[in-house]
Amino acid sequence: MDTTPNAPQPTADRPVFPDGYGIPTTSEGQLTWADVEPRLVESKHYWISSVRPDGTPHSVPRWGVWLDGKFWYDGAPTTRHTRNVEKNPAVTLTLESGTEVVIIEGESEATRADADGLGVRLSEAFRKYADSDYSPGPDSWSGEDGGGLRVITPRRAMAWFAFPKDCTRFTF
């Protein structure tokens, strides 16, 4: 399923690691965004890391959807995570695997989605959680407060499925 027809495609290169990690110096074997993005779309479990106001880290598992080249999720504005990103929007989004790795760095911001546009598409994408009794409707994020909807816009990503030979950095 192509969920990002209008999303800009990131550029790929090799990340910088200290000597001894064996990261190739050529582009041979690098991943493409087409290799990585389906894992973001298909995943059901994500981890978001943010920073508390006192500078200490905070990580939380979240449900969400990758759509139009961004990560969409919702939750109460009183959660520790939301209070963190309201002060400092910088976040890291990761998938569960430590061997097939996808790491997204970006910023989280509050948003909303009209029921007759983005809300419909988000509701369809969130159907992957229907078996877990979570199936928000198209109007779930159309209220003045956006129903707690937030979006992470990526700046950088790193991925590997066969470290170190395919280790790839993406810049958006």
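The values are calculated or read from the model by the stated rules, or taken from the named source; none is laboratory data. These numbers come from a predicted model, not from an experiment. Note: ideal-geometry Cβ built from the backbone for every residue, glycine included; neighbour counts use all protein chains shown. To get the accessible areas, we keep the full protein, side chains included, count just its heavy atoms, and leave off ligands, DNA and RNA. Shrake-Rupley method; radii C 1.70, N 1.55, O 1.52, S 1.80 Å.
Of everything in the stretch 27-41 that is assigned to a helix (DSSP H, G or I) and touching a residue at least 40 places away in the same chain (Cβ under 8 Å), the residue that is surrounded by the most Cβ atoms within 10 Å (Cβ to Cβ) is Leu40.
Sort out which residues of the stretch 135-163 are small (Gly, Ala, Ser), open to solvent by 40 Å² or more (accessible area, probe 1.4 Å) and closer than 24 Å to Arg83 by Cα, and write them in order of number. If you could, list the steps in order and put the result at the bottom.
Filtering the stretch 135-163 for residues small (Gly, Ala, Ser) gives 135, 137, 140, 142-143, 146-148, 157, 159, 162.
Narrowing further to those that are open to solvent by 40 Å² or more (accessible area, probe 1.4 Å): 135, 140.
Of everything in the stretch 135-163, just one residue is small (Gly, Ala, Ser), open to solvent by 40 Å² or more (accessible area, probe 1.4 Å) and closer than 24 Å to Arg83 by Cα, namely Ser140.
Of the set (1) in contact (Cβ under 8 Å) with a residue 40 or more places away in the chain; (2) within 30 Å of Gly29 (Cβ to Cβ); (3) open to solvent by 20 Å² or more (accessible area, probe 1.4 Å); (4) assigned to a loop (DSSP other than H, G, I, E, B), all apply to Asp166 but (3). In this structure, is Val60 surrounded by 14 or more Cβ atoms within 10 Å (Cβ to Cβ), of a type in the set (Val, Ile, Thr), touching a residue at least 60 places away in the same chain (Cβ under 8 Å) and touching a Ser or Thr at 6+ places or on another chain (Cβ under 9 Å)? Answer is no for this residue.
Within the stretch 84-114, being over 13 Å from Ser59 (Cβ atoms), of a type in the set (D, E, K, R) and either touching a residue at least 40 places away in the same chain (Cβ under 8 Å) or touching a His at 6+ places or on another chain (Cβ under 6 Å) (or both) holds for Glu100, Glu105, Glu107, Glu109. Can you spot a residue in the stretch 155-162 that is in a loop (DSSP other than H, G, I, E, B) and touching a strand residue (DSSP E or B) at 6+ places or on another chain (Cβ under 9 Å)? The answer is yes, given that some residue of the stretch 155-162 is in a loop (DSSP other than H, G, I, E, B) and touching a strand residue (DSSP E or B) at 6+ places or on another chain (Cβ under 9 Å). With respect to the conditions (1) among the acidic types (Asp, Glu); (2) touching a Ser or Thr at 6+ places or on another chain (Cβ under 8 Å); (3) part of a loop (DSSP other than H, G, I, E, B), Asp54 lacks only one, and its number is (2). If the condition is being open to solvent by less than 40 Å² (accessible area, probe 1.4 Å) and part of a helix (DSSP H, G or I), then the stretch 73-110 contributes His81, Thr82, Asn84, Val85.
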